[in-house]
1. Just to verify a result, which residue in the range 43-61, among those that are touching a strand residue (DSSP E or B) at 6+ places or on another chain (Cβ under 8 Å) and in a loop (DSSP other than H, G, I, E, B), is nearest to Asp154 (Cα to Cα)?
2. Would you tally the residues in the range 140-157 being open to solvent by 30 Å² or more (accessible area, probe 1.4 Å), modelled with pLDDT of 95 or more and either out of contact with any Ser or Thr (no Cβ under 8 Å at 6 or more places or on another chain) or in a strand (DSSP E or B) (or both)?
3. Mind listing whichever residues of the range 64-82 are more than 24 Å from Ser100 (Cα to Cα) and part of a loop (DSSP other than H, G, I, E, B)?
4. How many residues does the range 78-92 contain that are surrounded by fewer than 16 Cβ atoms within 10 Å (Cβ to Cβ) and modelled with pLDDT of 95 or more?
5. Any chance the range 111-118 includes a residue that's under 23 Å from Ala31 (Cα atoms), open to solvent by 30 Å² or more (accessible area, probe 1.4 Å) and modelled with pLDDT of 95 or more?
6. Taking only pairs six or more apart or across chains, which ones have beta-carbon atoms under 9 Å, a first residue in the range 28-48 that is farther than 18 Å from Val132 by Cα, and a second residue that is surrounded by 14 or more Cβ atoms within 10 Å (Cβ to Cβ) and aromatic (Phe, Trp, Tyr)?
7. Output yes when any residue across the range 58-65 is open to solvent by 50 Å² or more (accessible area, probe 1.4 Å), at pLDDT 95 or above and charged (D, E, K, R), and no when none is.
8. Which of the residues spanning the range 119-139 are of a type outside the set (D, E, K, R), assigned to a loop (DSSP other than H, G, I, E, B) and open to solvent by 50 Å² or more (accessible area, probe 1.4 Å)?
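The values are calculated or read from the model by the stated rules, or taken from the named source; none is laboratory data. Note that the coordinates shown come from a computational prediction; the quantities given were computed from them, not determined experimentally. Neighbour counts run over all protein chains shown; Cβ positions are idealised from the backbone, glycine included. Note: areas computed on protein heavy atoms with side chains; ligands, DNA, RNA excluded. Shrake-Rupley method; radii C 1.70, N 1.55, O 1.52, S 1.80 Å.
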Amino acid sequence: MKQPNIARAATVLAGAAVAVGVVGVAPAQAATVQFPQVPTLAHGGLCWTSIRTWADTSPQWPGRAVLNVRADPAMGLGPGNYPLAPLCEVYTTIAWRNLSNGATGSYENNVVTGLYGSIQYALFQDTGPGRVEVTVTTDTVNVPVRGWFDVPGDPPA
């Protein structure tokens, strides 16, 4: 037996209301914030690359963030038997400051990059909850960048 349109609509709305009641409010989600790339020269020949950085946050780690660094493939000329496949390095710093509580810190790493780029370097930082401003630089000629991300705090009691 075919139902009238109004009966079908009522059935769909009732089902949606039950689904909302069962699902409830979704918890806060993890977030990834990418910062602009840092074009930079590198050590180990006549090399240059771009440094990619980003922050990962999650309610599972209140007051903490993971700062990540990775270099794009190196370009230029390197020493040795394969000068067109340079292996270069650049000391990279992500300096951060929490605008909500005044905490400061930095993540510093010597990033080694080659024909296929670098591995990913990552480290937890105890930033505290709030808005965190970052500045990304290297120890060679570069174009520094700035960005920000929000770190969740403890859930309300």
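1. Step one: of the range 43-61, the residues touching a strand residue (DSSP E or B) at 6+ places or on another chain (Cβ under 8 Å) are 43-58, 61.
Pick out the ones that are also in a loop (DSSP other than H, G, I, E, B) and you get 44-45, 58, 61.
Working: Gly44: 45, Gly45: 48, Ser58: 11, Trp61: 9 Å.
By that ranking, first place goes to Trp61.
2. 4
3. Asp72, Pro73, Ala74, Gly78, Pro79, Gly80, Asn81, Tyr82
4. Restricting attention to the range 78-92, the residues satisfying the condition of being surrounded by fewer than 16 Cβ atoms within 10 Å (Cβ to Cβ) are 79-85, 91.
Retained after the next criterion (residues that are modelled with pLDDT of 95 or more): 91.
Matching residues across the range 78-92 total 1.
5. So far as the range 111-118 goes, no, none of its residues is under 23 Å from Ala31 (Cα atoms), open to solvent by 30 Å² or more (accessible area, probe 1.4 Å) and modelled with pLDDT of 95 or more.
6. Matching pairs, first to second residue: Pro39/Trp48; Thr40/Trp48; Leu41/Trp48; Ala42/Trp48; His43/Tyr91.
7. yes
8. Of the residues in the range 119-139, the ones of a type outside the set (D, E, K, R) are 119-125, 127-130, 132, 134-138.
When the remaining residues are screened for being assigned to a loop (DSSP other than H, G, I, E, B), the result is 119-120, 127-129.
Across the range 119-139, the qualifying residues are Ile119, Gln120, Pro129.
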